[in-house]
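Notes for the one structure printed next.
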Amino acid sequence: MVSAALILLIVVVFIVLLLLFGVVGFNKLRKADITAQESLGGIDVQLTRRADLIPNLVNTVKGYAAHESGVFEEVARARGAVAQAAQNGTVEQKAAADQALTGALGRLFAVAENYPDLKASANFIQLQNELSDTENKLSFARQYYNDAVSRLNKLVQTIPWMFFSGVAGVKAREFYRAPEGQQAPPQVQF
């Protein structure tokens with residue numbers, strides 16, 4: 001016959017293992033959520049950096065093309081929308097503001113095409129290079145965010161981790177997507 005002490009020991013070990021499993025599940029979900037949150041912050045950093053480069057770029061182009069005020073106003077509005085979305089917007093708002101700024105910049109560069117002296121300006125070239133570098137970093141940040149969200153969403157939606165998602169306060173997140181009808185990049189000639 002199995003003694004009562006042995007049964008009690010088995011029950012205690014089972015409860016301890018169950019608690020450890022619960023802690024592991026909780027921590028795994030929270031870490032995945034924090035990674036997704038941090039990666040969204042990376043997008044915000046790059047959107048803000050790009051928005052900070054815009055005034056210098058606009059001022060450089062303004063010196064050559066003062067009569068193109070509509071383009072400058074559009075860029076300024078789009079820049080403001082990106083800065084606001086980066087501060088407190090949803091993923092969808094960030095994507096829409098990002099796309100609007102990309103389109104406005106395309107029109108700004110189209111204006112710059114008409115001014116050969118501007119295209120040869122060292123300041124303009126440097127700003128173009130910085131903007132290109134930022135666009136690359138922004139693209140990487142978007143992909144990193146989507147990868148983190150994919151990992152999180154898989155955990156939240158699969159057994160056994162889905163049982164801990166409520167306790168951990170973690171839920172599935174939205175992917176960073178281009179707004180509807182704007183998946184293709186704008187055509188810009190440099």
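The values are calculated or read from the model by the stated rules, or taken from the named source; none is laboratory data. The structure presented is a predicted model; accordingly, all values stated were derived computationally and were not measured. Every residue, glycine as well, gets a Cβ built from its backbone with ideal geometry; the counts of neighbours run over all protein chains shown. Heavy atoms of the whole protein, side chains included, go into the accessibility calculation; ligands, DNA and RNA do not. Shrake-Rupley method; radii C 1.70, N 1.55, O 1.52, S 1.80 Å.
At-a-glance table
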{"quantity": "Among 60, 80, 124 the positive-end extreme of the charge dipole of the chain (Cβ point charges)", "calculated": "80"}
{"quantity": "Diffusion coefficient, µm² s⁻¹, Stokes-Einstein with Kirkwood Rh over alpha-carbon pairs of segment 96-143 at 20 °C and 1.002 mPa s", "calculated": "182 µm²/s"}
{"quantity": "q = 0.18, 0.21, 0.22, 0.24 Å⁻¹, segment 62-149: log10 I(q)/I(0) [Debye, one scatterer per Cα]", "calculated": "-0.88, -1.09, -1.15, -1.26"}
{"quantity": "Residue 150-residue 76 FRET efficiency (beta carbon distance; Förster radius 35 Å; 0.05 resolution)", "calculated": "0.50"}
{"quantity": "Over the chain: helical MRE at 222 nm, DSSP H runs n ≥ 4 each giving -39500 (n - 2.57), nearest 500", "calculated": "-27500 deg cm²/dmol"}
{"quantity": "FRET efficiency, residue 159 to residue 122 (Cβ-Cβ, R0 41 Å, nearest 0.05)", "calculated": "0.10"}
{"quantity": "Stokes-Einstein D in µm²/s, Kirkwood radius over Cα pairs - segment 1-89 at 4 °C with 1.567 mPa s viscosity", "calculated": "72 µm²/s"}
{"quantity": "1.4 Å probe accessible area per residue over segment 1-139, in Å²", "calculated": "55 Å²"}
{"quantity": "In order through segment 94-109: 3J(HN,Hα) via Karplus (6.51 cos²θ - 1.76 cosθ + 1.60), integer Hz, x for Gly, Pro", "calculated": "5, 5, 5, 5, 4, 5, 5, 5, 4, x, 5, 5, x, 5, 5, 5"}
{"quantity": "Gained length - residue 167 relative to residue 17, 0.36 nm times residue gap less alpha-carbon distance", "calculated": "52.2 nm"}
{"quantity": "Fraction of accessible area attributable to carbon and sulfur, the chain (%, probe 1.4 Å)", "calculated": "59 percent"}
{"quantity": "13 Å Cα-Cα reach of residue 94 towards aspartates and glutamates, excluding residues that sit fewer than 8 places from it in its own chain", "calculated": "44, 174"}
{"quantity": "Taking all pairs of distinct alpha-carbon atoms in the chain, Kirkwood radius in angstrom", "calculated": "19.6 Å"}
{"quantity": "Dipole in debye (nearest 20) - the chain, about Cα centre, beta carbon charges: Lys, Arg +1; Asp, Glu -1", "calculated": "680 debye"}
